[in-house]
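A short worksheet on the structure shown next.
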Amino acid sequence: MSEQGNDWSKWGELWREQPEVDVARLQRIASRKLWRMRILVALEIVGSIGACVQCVRLATLTSGRWQLWSIATLAFVLALQWLYLHVRRGTWRASSGDVQSLLRLTLQRAAAGIRLANINLWGTLAWVALSVLVGLPELEPARWQADPKLKSLLALQLVINGPLIVAVIAFCIWYIRRQRARITRIKDLLEPDV
């Protein structure tokens, strides 16, 4: 009998040690995240439309390798936008308003965030590599030193796009780490049920 009493005491202690989950707070966080996702998707679509317009415009104004680059970039932008939407499937709403559903939704969103960050990271690196490869003839010192317009264009690209690309890469790496930590915390909360 005393053994059973000890089991109940241990279970009671274990239950009291479980982290407390604020359901109302989880629902507010999930709702805010939904609105942020909607705004982000709208901005992504507007940005993609703008990029597509620029690519089509560049394709009609150029010829040769830059025309091919603009067509390849257009296809790349469209593929990325499709991937962004595809990765977010199933991350819009929880199946119900209970704690487990909200935590699972948060887990799905964190995993989707990691996939999105990886797409952005590798997509940025691929686009930079393609752009440098296409622009190699213009990067020859004899070419840009003799052409002041090309020299100023390359300097402008380096000053604007260089820090932007570094910032995108740094943000993606930071975001992936943050989401992995979030996944670990959520799995700890779900552990008894998973």
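The values are calculated or read from the model by the stated rules, or taken from the named source; none is laboratory data. Predicted model only: the values in this text are computed from it and were never measured. Every residue, glycine among them, receives a Cβ derived from its backbone with ideal geometry; neighbour counts consider all protein chains shown. All accessible areas refer to the heavy atoms of the entire protein, side chains included, with ligands and DNA or RNA removed. Shrake-Rupley method; radii C 1.70, N 1.55, O 1.52, S 1.80 Å.
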How big is D for segment 133-178, in µm² s⁻¹ as a whole number, if Stokes-Einstein is applied with the Kirkwood radius of its Cα pairs at 10 °C and 1.306 mPa s?
130 µm²/s
Treating the angle as unsigned and between 0 and 90°, give the value, to the nearest 10°, between the Cα long axis of helix 65-87 and the longest Cα principal axis of the chain.
10 degrees
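Would you work out the relative contact order for the chain, in percent, from Cα pairs under 8 angstrom that are 6 or more residues apart? If you can, show how the numbers build up before the last one.
Working: 110 pairs, mean separation 43.1, N = 194.
Worked out over the chain, it gives 22 percent.
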From the phi angles alone, apply the Karplus equation (6.51, -1.76, 1.60; θ = phi - 60°) to segment 138-150 and give each ³J(HN,Hα) in whole Hz, x where the residue is Gly or Pro.
6, 7, 5, x, 4, 6, 7, 6, 7, 10, x, 5, 5
Give the separation of the Cα centroids, segment 31-94 to segment 119-194, in Å.
16 Å
Order Ser31, Ser131, most accessible first, counting only protein heavy atoms with a 1.4 angstrom probe.
Ser31, Ser131
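Of all GluC sites (Glu not before Pro) in segment 15-102, which ones are in loop regions per DSSP and have a Cβ with at most 10 other Cβ atoms within 10 Å?
Details: sites: Glu17, Glu20, Glu44; in loops: Glu20.
In loop regions of segment 15-102 (DSSP not H, G, I, E or B), the sparsely surrounded GluC sites (Glu not before Pro) are Glu20.
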Determine the calculated [θ] at 222 nm for the chain from helices alone, applying -39500 (n - 2.57) to every DSSP H run no shorter than 4 residues and normalising by the residue count; nearest 500 deg cm²/dmol.
-31000 deg cm²/dmol
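Can you compute the charge dipole magnitude of segment 149-194 about its Cα centre, using +1 on each Lys and Arg Cβ and -1 on each Asp and Glu Cβ, nothing else charged? Give it in debye, rounded to the nearest 20.
Values: 8 positive and 3 negative charges, 64 e Å.
Rounded to the nearest 20 debye, it is 300 debye.
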Using a simple spin-label model with points 7 Å from Cα along the Cα→Cβ vector, what separation in nm is obtained for Glu191 and Leu154?
5.6 nm
Probe 1.4 Å, all protein chains present, accessible-area order of Arg185, Arg88, largest first
Arg185, Arg88
Radius of gyration and Dmax over the Cα atoms of the chain, both given in Å:
24.8, 95
Quick one: dipole size for segment 91-145, taken about the Cα centre, charges +1 on Lys/Arg Cβ and -1 on Asp/Glu Cβ, in debye to the nearest 20.
300 debye
Phi-derived 3J(HN,Hα) across segment 51-63 with the Karplus relation (6.51, -1.76, 1.60, θ = phi - 60°), rounded Hz, x for Gly and Pro, is 5, 5, 4, 5, 5, 5, 4, 5, 5, 7, 8, 10, 9
Residue by residue, what Karplus-based ³J(HN,Hα) values in Hz, rounded to whole numbers, does segment 168-177 have, using 6.51, -1.76 and 1.60 with θ = phi - 60° and x for Gly and Pro?
4, 5, 4, 4, 4, 5, 4, 5, 4, 4
